[in-house]
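The values are calculated or read from the model by the stated rules, or taken from the named source; none is laboratory data. What you are looking at is a predicted structure, and each value in this text was computed from that prediction instead of being measured. Cβ placement follows ideal geometry from the backbone for every residue including glycine, while neighbour counts extend to all protein chains displayed.
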Ligand SMILES: [Zn+2]
């Protein structure tokens, strides 16, 4: 509650006009509307997320300074990407946790998910379907490494990826087998934020690598943003007169067939079984589903024996 007795309303990864604060769970572009908005609400977020928002979008959101247990607002790690958090609210109606994007498997470039008992759990609904299952991450990483080494003998290898989170995961996996890939300018900028927070990623920027470290006469591995994969692949093939092998690493690889030479189902989201695992750990009395697919997710959770409903609070959470 605010000092004047008014309830505090917090936007959840959105920019709702009636909210006094905004929670930004992580720096992916579909979650940062509040940081872009002209009304500039104070932001509940991690310093890592603020650094990424600054490096990638050139924005300077003002962080809300939590008064610790006084205001009932705290955060827990979400395991999704660097700086990703869940929001934890302690109020008159008990404890509520909003997950934002999260995952339970250990990412190479993010702190693992943390959890607490809560009365109410508001869950992200990205993968609402029990049929979608992400396999063993270590095994998939090994397949990615083996495929890359094999193809590198025959040509150039190019990965398409989100610039934030997944690109760094791929780079880390490649670094483990001694490969430092060439990356796009934006990915290089994001890498620098990860490095600032202790993740030792080795890569070269395609724009300013020193000549003596980047030997284009050899085959090499590149990581670029998804939307440029096809174009860069054609360009490299024409310029170097070599075969360019393309690949993606995404959770959607377990649902869709991509027009690349290889695809690896490495997700930074929870699948349905991981969602159940989180519910079992948090033991909430009420479960709400949030975001795209929330109705389908609630339906499938109900089929699995849990009482779940699409979140009725709109895009905000209110502390009475
Ligand atoms: Zn995300």
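Observations
- Selection count where residues are closer than 19 Å to residue 183 by Cα and free of Cβ contacts under 8 Å to residues at least 60 places away in the same chain, scope region 140-170: 3
- Region 198-216 residues that are assigned by TED's automatic domain parsing to the domain that holds residue 158, paired with ones that are assigned to a loop (DSSP other than H, G, I, E, B) and at pLDDT below 55 (beta carbon under 9 Å, 6 or more apart): 204/210; 204/213; 204/214; 206/214
Quick grid of which residues meet (1) more than 18 Å from the chain's Cα centre (by Cα); (2) within 16 Å of the ligand (Cβ to nearest atom); (3) in the same structural domain as residue 71 (by TED's automatic domain parsing):
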site	(1), (2), (3)
95	yes, no, yes
115	no, no, yes
123	no, yes, yes
127	no, yes, yes
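- In the condition set (1) more than 18 Å from residue 79 (Cα to Cα); (2) within 22 Å of the chain's Cα centre (by Cα), residue 190 is compliant with all but (1).
- Counted residues, region 24-51 - those being more than 14 Å from the ligand (Cβ to nearest atom) and surrounded by 13 or more Cβ atoms within 10 Å (Cβ to Cβ): 11
- Residue tally, condition within 16 Å of the ligand (Cβ to nearest atom) and touching a helix residue (DSSP H, G or I) at 6+ places or on another chain (Cβ under 9 Å), over region 52-85: 9
- Positions within region 106-119 being in contact (Cβ under 8 Å) with a residue 40 or more places away in the chain and surrounded by fewer than 19 Cβ atoms within 10 Å (Cβ to Cβ), in sequence order: 108, 116, 117, 119
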